[in-house]
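The structure under discussion appears below in the form of structure tokens.
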Amino acid sequence: MARDNKKLTGVQKAAILFITLGPEAAAGIIKKLPEAEIQKITYEIANISSVKSEQKKDILKEFVEMNKAKDYLVEGGIEYAKNLLSKALGNQRAVEILDKVTEATQQFRPFAIARKADAHQLLNIITDEQPQTIALILCYLQADKAGQILSALPENVQAEVAYRVATMRTTSHAVIKEIEKVLDGKLSSVVKSDMKVIGGVPTIVEILNRVDRTTEKNITEGLEKEDAELAEKIKESMFVFEDIITLDDVAIQRVLREVDTKELALALKGCSEEVGDAIFRNQSKRASAALKEDIEFLGPVRLMDVEKAQQKIVNIIRRLDEAGEIVLSRGGEDAIIV
């Protein structure tokens, strides 16, 4: 789902961070997290379909900066952290980072999307608003961004907005939420062109294919409780029929004992020569010849029927793997188990 018109939670940011790091690095980190957090992050990764093109870079940068800030806070407190961050990033950026760190457990600040938007985009949207509305929005923006917008406002409006900012004390929470809702809606229409597809089921499958069996099982079981349909899509994508060529001969022979001959013939219809060879070499000459005849005898078949037969065999493979009777090759320390 698109995330531009919603505030990102810590879990959503973690999901995008893992996508940014790539499957190898993500798999190494995800195994060390608490099981409950793994399930939440995995669910988010599987459901992300689009994101702002610069968002991955921003989140990675934020991750690095906030971790530095946390280290500095532990070493010498907030003033020490502010001093070091100011030298490296400037005073304004240091304050912003420390605000995020110290407010990590608190509710997100209003106008989060506006804070991420370009100053020019914001100006075009709010320039016709009432001075009090513009003033309220500026109060929640970064100082440099608010300054850019204030400078670009019509001269007859600048002083009025500045006065209202200076004299503002308290504002109804309901009013803030209403203005924020309207502004977020307008912003969402101008940032759609800055989107690209990332994440989703293929991404989490790529990550899970590189973790150990225990981690994969914990994640898929957790997802089954959260979203059974999504969990099934992920499990189906983790081993496809063509991946039979990755099984050793002993495993293929074990699978073939469970498969109906007619179902196997249909599944092999139109498959790659490599997949066919993997099956035929694990049969007796007589059985192999008979299977080839069955395939020829089928004639034209519907793709839907072929895929259905292939999925049945994949389900058998998954069942035998879960029972420990065969072992699928996976990433991580247990990638090769014979």
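Considering every residue within region 236-251, establish whether at least one is under 30 Å from residue 40 (Cβ atoms), under 18 Å from the mean Cα position of the chain (by Cα) and modelled with pLDDT under 85.
From region 236-251, those under 30 Å from residue 40 (Cβ atoms) are 236-240, 243; that's our starting set.
Checking the rest, the ones that are also under 18 Å from the mean Cα position of the chain (by Cα) come to 237-238.
Okay, now just the ones that are also modelled with pLDDT under 85, so 237-238.
Yes.
Among the residues of region 165-174, which ones are over 13 Å from residue 135 (Cα atoms) and assigned to a helix (DSSP H, G or I)?
173, 174
The residues on offer are 259, 255, and the sole one that is outside any helix (DSSP H, G or I), over 33 Å from the mean Cα position of the chain (by Cα) and not small (Gly, Ala, Ser) is 259. When the residues of region 216-226 are narrowed to those that are of a type outside the set (Val, Ile, Thr) and touching a helix residue (DSSP H, G or I) at 6+ places or on another chain (Cβ under 7 Å), which ends up nearest to residue 206 (Cα to Cα)? So the residue we want is 216. The single condition among (1) touching a residue at least 24 places away in the same chain (Cβ under 8 Å); (2) over 30 Å from residue 23 (Cβ atoms) that residue 248 does not meet is (2).
Among the residues of region 289-298, is any surrounded by 14 or more Cβ atoms within 10 Å (Cβ to Cβ), at pLDDT below 95 and under 40 Å from the mean Cα position of the chain (by Cα)? No, because not a single residue in region 289-298 is surrounded by 14 or more Cβ atoms within 10 Å (Cβ to Cβ), at pLDDT below 95 and under 40 Å from the mean Cα position of the chain (by Cα).
Of a type in the set (A, V, I, L, M), touching an Asp or Glu at 6+ places or on another chain (Cβ under 7 Å) and in a helix (DSSP H, G or I), is that true of residue 279? Let's see the steps before the verdict.
On the way: of a type in the set (A, V, I, L, M): yes; touching an Asp or Glu at 6+ places or on another chain (Cβ under 7 Å): no; in a helix (DSSP H, G or I): yes.
No.
Note on region 141-169: among residues that are among the basic types (Lys, Arg) and open to solvent by 80 Å² or more (accessible area, probe 1.4 Å), the one that is modelled with the lowest pLDDT is 169.
Scanning region 44-57 for residues that are in a helix (DSSP H, G or I) and surrounded by 14 or more Cβ atoms within 10 Å (Cβ to Cβ) returns 44, 45, 46, 47, 55, 56.
The values are calculated or read from the model by the stated rules, or taken from the named source; none is laboratory data. Quick caveat, the model's predicted, so the values are computed rather than measured. Positions of Cβ are backbone-derived with ideal geometry, glycine not excepted, and every protein chain shown enters the neighbour counts. To get the accessible areas, we keep the full protein, side chains included, count just its heavy atoms, and leave off ligands, DNA and RNA. Shrake-Rupley method; radii C 1.70, N 1.55, O 1.52, S 1.80 Å.
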